[in-house]
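Please read the structure below before turning to the comments.
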Amino acid sequence: MPNRFVVEADGGSRGNPGPAGYGAVVLDAATGETLAEAAEYIGTATNNVAEYRGLIAGLQAALAIDPDAEIQVRMDSKLVVEQMSGRWKIKHPDMKPLAAEAKRVFPAGRVAYRWIPREKNKHADRLANEAMDLGKQGKRWEPSQSSADLAAVPAPVEEPLAEPKAAPVGWAAPADLGTPTTFVLLRHGETALTPQKRFSGSGGSDPELSPAGRRQADAVAAALAARGTIQAVVSSPLRRCRETAEAVAARLGVEVRVDEGLREADFGAWEGLTFAEVRERYPDDLDAWLGSTKAAPTGGGESFAAVARRVALSRDKLLARYAGRTVLLVTHVTPIKTLVRLALGAPPEALFRMELSAASLSAVAYYADGNASLRLLNDTSHLR
């Protein structure tokens, strides 16, 4: 698995244009540990130029640590986030070369962008202000001059990449946020293991759809074609999902795109076993797994916390790719529950409190300000 970093960046100008500076910090996505800081006084500039300079510095700092890393950028500048995500056009001549430079640091698809409120970008904001203060004195910012050492950074949350945002208030998002990106979440049709309630993850036999599962795939394909809202189809790489996705895509006349991040959890030595069989053979490991999302199944399985990190990364990449569109994601129980949990800002134990039937539909809408709204959960009306 590649390293995953969070880059938080900010920039400011005292006068706009006026004396300006930027700050950026690179964090380990899994632990929240601060890996690098960058800040600089850049003379007279606008807020937007300083923000872009902060973004570039943060990406370059991440590149110096690991050029193969996957990055989530978090900024409180909606302008930069929307422009770099491709949702807003870049019109200002000062912004175009800066945006182009930022895009060149990492290959396309390895960086996702997310807006955060200003109060959650305090680290980068502090660095930017330190650089501006030192610039007024004719001094250059250095890491040793940072007003708070790295040990003073707040303790990380369990899943930094998956940090939820508050849901929009009321029945709909404000009109100025534009058309949301909607993920319609389809659990694959049944396999031979599904009715037996056996663990079937990404480390098992990769079963095909059963005859019942193929009928379910045809039924959901007909229902989605009748609605006429799906604009793209993305699937887990596992066979049961690809077969379900292909049934829908054939009806819609679109191609299926595969995303590795949408695969099911790896259940290790539990693959192919029932819950009762796991309870009998691995009682202590099962209790630990049920008690913490950081616990992994026996034999090198994947914890729910690890699944959440990769699912959140895929979510952000797909949001950037399909901004403002309605996309069908054909995936599994754990990724769907994870996307729903994160949209609601629910605690990890919510994973054990949702029911998802085979070939069921759920839906989450994502807005330009980073908020999400759950629209549908476990709909099986098309199967009746």
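The values are calculated or read from the model by the stated rules, or taken from the named source; none is laboratory data. Since the model is a prediction, treat every value here as computed from it, not as a measurement. Don't worry about glycine lacking a Cβ; one is built from the backbone with ideal geometry, like all the others, and counts go over all protein chains shown.
Per-structure values
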read-out	value
Cross-chain or 6+ apart pairs with Cβ under 6 Å, the range 1-20 first and at pLDDT below 90, then acidic (Asp, Glu)	2/68; 2/70; 3/66
Selection from the range 200-221 of residues that are in contact with a strand residue (DSSP E or B) (Cβ under 9 Å, 6 or more places away or on another chain) and of a type in the set (Asp, Glu)	208
Selection within the range 115-143 - part of a loop (DSSP other than H, G, I, E, B), out of contact with any helix residue (DSSP H, G or I) (no Cβ under 7 Å at 6 or more places or on another chain) and within 14 Å of residue 54 (Cβ to Cβ)	116, 121
Residue in the range 362-375 that is of a type in the set (Phe, Trp, Tyr) and under 26 Å from residue 78 (Cα atoms) present	yes
Segments classed as strands (runs of 3 or more DSSP E), wholly inside the range 268-384, with at least 3 members that are under 19 Å from residue 241 (Cα atoms), among the β-branched types (Val, Ile, Thr) and within 24 Å of the chain's Cα centre (by Cα)	326-331
Criterion (in contact (Cβ under 8 Å) with a residue 40 or more places away in the chain, assigned by TED's automatic domain parsing to the domain that holds residue 188 and not acidic (Asp, Glu)) met by exactly one of 377, 328	328
Every residue from the range 1-44 that is part of a strand (DSSP E or B), small (Gly, Ala, Ser) and within 16 Å of residue 124 (Cβ to Cβ)	9, 11, 12, 13, 20, 21, 23, 24, 36, 38, 39
Test: residue in the range 231-252 that is touching a helix residue (DSSP H, G or I) at 6+ places or on another chain (Cβ under 7 Å), within 20 Å of residue 381 (Cβ to Cβ) and of a type in the set (S, T, N, Q)	yes
All positions within the range 45-96 that are within 21 Å of the chain's Cα centre (by Cα) and in a loop (DSSP other than H, G, I, E, B)	66, 67, 68, 69, 76, 77, 85, 86, 87, 88
Residue list for the range 315-340, restricted to those being under 24 Å from residue 271 (Cα atoms) and not aliphatic (A, V, I, L, M)	331, 332, 334, 335, 337, 338
Long-range neighbours under 6 Å by Cβ, at least six apart or interchain, first residue at positive phi within the range 189-214, second of a type outside the set (Val, Ile, Thr)	206/238; 206/239
Residue 83 being buried (at least 17 other Cβ atoms within 10 Å of the Cβ), farther than 25 Å from residue 318 by Cβ, not aliphatic (A, V, I, L, M) and not assigned by TED's automatic domain parsing to the domain that holds residue 322	no
Residues of the range 204-213 satisfying the condition of being within 12 Å of residue 188 (Cα to Cα) and either in contact with a Gly (Cβ under 6 Å, 6 or more places away or on another chain) or part of a helix (DSSP H, G or I) (or both)	209, 212, 213
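Residue by residue, here is whether (1) in contact with a Pro (Cβ under 9 Å, 6 or more places away or on another chain); (2) part of a strand (DSSP E or B); (3) at pLDDT 95 or above holds:
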residue	(1), (2), (3)
215	no, no, yes
219	no, no, yes
222	no, no, yes
234	no, yes, yes
237	no, no, yes
244	no, no, yes
249	no, no, yes
264	yes, no, yes
